[in-house]
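Input: a single structure, listed below in structure tokens.
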Amino acid sequence: MPPPTRGTRLISILDQEYQGIVAGDNDHARPKLLALCGAKSNNSVTQLQLENLHITSDKYDIHYLHGYIE
């Protein structure tokens, strides 16, 4: 099995945190994510990319922020 990439490690960490919240190990709300997009991208593209990583609004509070480059 190939070593995990940075993206798969991030998903694993986020999923562990989510499972802890669902199991009642944590009194906090769902994890909050700030999804940044910028040059030649937009919020819709960022949302699709996160969905491909199984990061969706049913598990996380996701806030999308489009940053402009000057």
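No lab work stands behind these numbers, since they all come straight from the coordinates. Note that the structure is a prediction, hence the values are computed from the model and not measured.
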Mind listing the long-range amide H neighbours of residue 62? Cut-off is under 5 Å, sequence gap 5 or more, other chains count too, H placed in the peptide plane at 1.01 Å from N. 33
Using θ = phi - 60° and the Karplus relation 6.51 cos²θ - 1.76 cosθ + 1.60, list the HN-Hα couplings for segment 40-54 in order, rounded to whole Hz, with x at every Gly or Pro. 6, 9, 7, 4, 5, 5, 4, 4, 4, 5, 5, 4, 5, 8, 6
